[in-house]
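Worksheet: the structure to be examined is printed underneath.
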Amino acid sequence: MHIPRIRGPLAGRRRRTAVVAALLAGCTVLSGPGPAAAGGAPPPAPPVPELDWTRCVPGSDFDCATAKVPLDHGDPGGRAIELAVVRRKAADPDRRVGTLFFNPGGPGGPGTVQMPQNHASFPREVRERFDIVSWDPRGIGNSTAVNCFASLEEAAGWSADRAAGFPVGEEERAAFTASYEELGRRCERRDPELLRHVSTADTARDLDLLRAAVGEDRLNYLGISYGTILGATYANLFPDRVRAMILDSNWDPRAWTDNASDEDARLTSFQRLGSDRGAAATLDRFLTLCGSAGTDRCAFSAGSPEATRDKFDGLMRRLRERPVEGWTYAGTVADVVNSFYVVHPGWTLLAARLQDLWQGRAPRPAPSPPPPAVPDPAPYLGEEQSTAVFCGDSPNPPDAGAYHALEELSAARAGDLGRYWVWATAACASWPAVAEHRYRGPWDTPTAHPVLVIGTTYDPSTPYSAAQAMAEELADARLLRHHGHGHTALLNPSGCVQAHESRYLVDGVLPPPGATCEQDTPPFAAPRPSGSVATGGGGTARTVS
């Protein structure tokens, strides 16, 4: 779920634009290649969109286009919506393999912003030999978007009434509940039809139309975080159209869709996924490495791992009683989770902020990255956009009163950071819509070619266990273990991972079973040489076409 990082005491409030969840009730279960029309006959195929590529801005290396697709793929003659699409052509067109589609996660990640921002993170050979295309999924950003406010000022006013991070105490919990009830009412008034058609399955069908629009017979795809559940959905709806698919930092498909057991029925999506435990393990790793590094490399170090853990616990207790110039306990916890996503420079900057708070002063805000060279690089990305997708797809408790008890459950098993992940789904208790077309499985439909699944061992959002589950659920997948830190190997690079990705995308060669890669630059450590495939084997060739 990669969203541009937001620093400071409001980080938790803004972060929820990327991590909202779903309501349990009234879904339509899909298991075939398309929604059924009345009488069981398949609906007519919608027309393939025409993409009129133009330079996004003069002098840019990126091309932009707009695709028109049906709001309801079961009714292709009905209302149409628009998708904003971006492309960077292959740097070596004479050796071009094809088009690689990229989804940056979320749900709610705007591909027209995040693909240009992260283009340099793709393996060099992939950038040379593939056109890389991304898009703002339906409901998001510059596409036909869910927008429940009349102005930015109105949206800011709604958000300002809630505490940063998550609620602490009965009064803040009541305010959280009331604010999300208001959001649901606003969204239902504005465009209720759109709310019912922003599911992952809807977006997977859009992706298949975009594949056809760029002239590809089969799909090449890289999805990170939420983009993995989108990829898995596509692979099971259109299994014969998969040429190559990389799923990096995975959702466990059953954690996304299932709450069949009595225990799961009362848990949030992120508790089923294990995000709370993953964040706790990442925090422990951060404090261990920081304490071992010393203050020359980690400002928050107390001289040893144990002393640094005690220092962090002490800081959390102090912030509960005495916030530091707007930096509350809950807001700081949210900032910690956010900062774990990208190790360099995220972990070093986090350590400096924690040390500032320890010394009783508010941290200085981090500089914002330069905007990418695409039109409107900061589209409206209100919390309701990611909420609409998540709350239409993934079951969560519909009773707002249940979340405090769930928070205590996660706190008992995962500490301070567990509280954050429970409240990340709070909007779904009062969300007014469930997707008409929700894909619930099966997940093991045989695909034309195998899928490459990548999991990072210390991931604060999608734990390594979810990558293992994804590889087990899919019919034909190979798991690559990225022994490292942060959320996604794409944004926390390993030359070993990149070499495997390039061989897979270009030649169809999978890593050998049991392959493990190391992160190029561990936290708080000097860089190591990168670029080699340190797995002890060359993989098994699988021909793709």
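The values are calculated or read from the model by the stated rules, or taken from the named source; none is laboratory data. From a predicted model like this one, the values you see are computed outputs, not experimental measurements. Positions of Cβ are backbone-derived with ideal geometry, glycine not excepted, and every protein chain shown enters the neighbour counts. What goes into the accessible areas is simple: the full protein's heavy atoms, side chains included, and nothing from ligands, DNA or RNA. Shrake-Rupley method; radii C 1.70, N 1.55, O 1.52, S 1.80 Å.
Filter the range 114-126 down to the residues that are of a type outside the set (S, T, N, Q) and open to solvent by 10 Å² or more (accessible area, probe 1.4 Å), then identify the one that is nearest to Ala67 (Cα to Cα). So that I can check it myself, show each step before the final result.
Here is the first cut: in the range 114-126, the residues of a type outside the set (S, T, N, Q) are 115-116, 119-120, 122-126.
Right, trim to open to solvent by 10 Å² or more (accessible area, probe 1.4 Å) and you get 116, 119-120, 124-125.
Details: Pro116: 19, His119: 22, Ala120: 25, Arg124: 28, Glu125: 28 Å.
Once the filter is applied, the top-ranked residue is Pro116.
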Test result for Thr488, surrounded by fewer than 19 Cβ atoms within 10 Å (Cβ to Cβ), in contact with a strand residue (DSSP E or B) (Cβ under 7 Å, 6 or more places away or on another chain) and hydroxyl-bearing (Ser, Thr, Tyr): no
field: First in the range 483-503 and closer than 13 Å to Cys517 by Cβ, second anywhere and open to solvent by 20 Å² or more (accessible area, probe 1.4 Å) and part of a loop (DSSP other than H, G, I, E, B), Cβ under 6 Å, 6 or more apart
entry: Pro493/Asp520; Ser494/Asp520; Gly495/Asp520; Gly495/Ser530; Gly495/Gly531; Cys496/Val533; Cys496/Ala534; Ala499/Val533
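Just checking, how many residues over the range 210-230 are more than 12 Å from the chain's Cα centre (by Cα) and either open to solvent by less than 20 Å² (accessible area, probe 1.4 Å) or among the aliphatic types (A, V, I, L, M) (or both)? Break it down stepwise before answering.
Let us first name the residues in the range 210-230 that are more than 12 Å from the chain's Cα centre (by Cα), namely 210-222.
Filter once more, keeping what is either open to solvent by less than 20 Å² (accessible area, probe 1.4 Å) or among the aliphatic types (A, V, I, L, M) (or both): 210, 212-214, 219-222.
Adding up the residues that qualify gives 8.
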message: Quick test of your reading of the structure: His482 fulfils all but one of (1) over 30 Å from Asp399 (Cα atoms); (2) touching a Phe, Trp or Tyr at 6+ places or on another chain (Cβ under 6 Å). Name the failing condition by number.
response: (2)
Whichever residue in the range 71-95 is open to solvent by less than 40 Å² (accessible area, probe 1.4 Å) and over 25 Å from the mean Cα position of the chain (by Cα) and, among such residues, is farthest from Glu193 (Cα to Cα): Ala90
- prompt: Any chance the range 170-180 includes a residue that's more than 30 Å from Glu408 (Cβ to Cβ), part of a helix (DSSP H, G or I) and open to solvent by 50 Å² or more (accessible area, probe 1.4 Å)?
  reply: no
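With the condition kept exactly as written, say whether any residue in the range 390-411 is in a loop (DSSP other than H, G, I, E, B), touching a strand residue (DSSP E or B) at 6+ places or on another chain (Cβ under 7 Å), of a type in the set (Gly, Ala, Ser) and more than 22 Å from Gly314 (Cα to Cα).
Here is the first cut: in the range 390-411, the residues in a loop (DSSP other than H, G, I, E, B) are 394-399.
Filter again for touching a strand residue (DSSP E or B) at 6+ places or on another chain (Cβ under 7 Å), leaving none.
Scanning the range 390-411, I find no residue that is in a loop (DSSP other than H, G, I, E, B), touching a strand residue (DSSP E or B) at 6+ places or on another chain (Cβ under 7 Å), of a type in the set (Gly, Ala, Ser) and more than 22 Å from Gly314 (Cα to Cα), so the answer is no.
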task: Would you mind finding the one in Pro49, Pro93, Pro107, Pro35 that is modelled with pLDDT of 95 or more and within 30 Å of Thr425 (Cβ to Cβ)?
output: Pro107
query: Would a scan of the range 367-381 turn up a residue that is in a helix (DSSP H, G or I) and at negative phi?
result: no
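Is there a residue being closer than 25 Å to Arg254 by Cα and of a type in the set (S, T, N, Q) anywhere in the range 404-420? Quick ask: steps written out before the conclusion?
First, pick out the residues of the range 404-420 that are closer than 25 Å to Arg254 by Cα: 404-415, 417-420.
Okay, now just the ones that are also of a type in the set (S, T, N, Q), so 410.
The answer is yes; a qualifying residue exists.
Return yes when Leu357 is surrounded by 17 or more Cβ atoms within 10 Å (Cβ to Cβ), touching a residue at least 24 places away in the same chain (Cβ under 8 Å) and under 24 Å from Ala411 (Cα atoms) and no when it is not.
Details: surrounded by 17 or more Cβ atoms within 10 Å (Cβ to Cβ): yes; touching a residue at least 24 places away in the same chain (Cβ under 8 Å): yes; under 24 Å from Ala411 (Cα atoms): yes.
Against the criterion (surrounded by 17 or more Cβ atoms within 10 Å (Cβ to Cβ), touching a residue at least 24 places away in the same chain (Cβ under 8 Å) and under 24 Å from Ala411 (Cα atoms)), Leu357 qualifies.
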- line: The one condition Val57 fails out of (1) hydrophobic (A, V, I, L, M, F, W, C); (2) part of a strand (DSSP E or B); (3) open to solvent by 10 Å² or more (accessible area, probe 1.4 Å) is (2)
query: If a residue has to be closer than 18 Å to Pro379 by Cα, in contact with a Phe, Trp or Tyr (Cβ under 9 Å, 6 or more places away or on another chain), outside any helix (DSSP H, G or I) and open to solvent by less than 50 Å² (accessible area, probe 1.4 Å) to count, how many in the range 127-166 make the cut?
result: 7
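In this structure, is Asp444 of a type in the set (Asp, Glu) and within 21 Å of the chain's Cα centre (by Cα)?
Numbers: of a type in the set (Asp, Glu): yes; within 21 Å of the chain's Cα centre (by Cα): no.
The answer is no for Asp444.
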message: Taking the criterion of being assigned to a loop (DSSP other than H, G, I, E, B) and within 26 Å of the chain's Cα centre (by Cα), would at least one residue in the range 268-282 satisfy it?
response: yes
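Scanning for something part of a loop (DSSP other than H, G, I, E, B), open to solvent by less than 10 Å² (accessible area, probe 1.4 Å) and under 30 Å from Val343 (Cα atoms), does the range 414-429 turn up at least one residue? Walk me through it before giving the result.
First, the residues of the range 414-429 that are part of a loop (DSSP other than H, G, I, E, B): 415, 424-425.
Retained after the next criterion (residues that are open to solvent by less than 10 Å² (accessible area, probe 1.4 Å)): 424-425.
Among the residues that remain, those that are also under 30 Å from Val343 (Cα atoms) are: 424-425.
Taking every residue of the range 414-429 in turn, at least one turns out to be part of a loop (DSSP other than H, G, I, E, B), open to solvent by less than 10 Å² (accessible area, probe 1.4 Å) and under 30 Å from Val343 (Cα atoms).
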field: Qualifying residue in the range 367-385 (condition: over 30 Å from Val133 (Cβ atoms) and open to solvent by less than 50 Å² (accessible area, probe 1.4 Å))
entry: no
message: Checking the structure you have, find out if any residue of the range 237-251 is open to solvent by 40 Å² or more (accessible area, probe 1.4 Å) and either at pLDDT below 95 or in a helix (DSSP H, G or I) (or both).
response: yes
- line: Residue hits (the range 300-318; within 30 Å of the chain's Cα centre (by Cα) and surrounded by fewer than 19 Cβ atoms within 10 Å (Cβ to Cβ)) are Arg309, Asp313, Leu315, Met316
query: Which condition breaks for Phe101 when tested against (1) assigned to a loop (DSSP other than H, G, I, E, B); (2) open to solvent by less than 20 Å² (accessible area, probe 1.4 Å)?
result: (1)
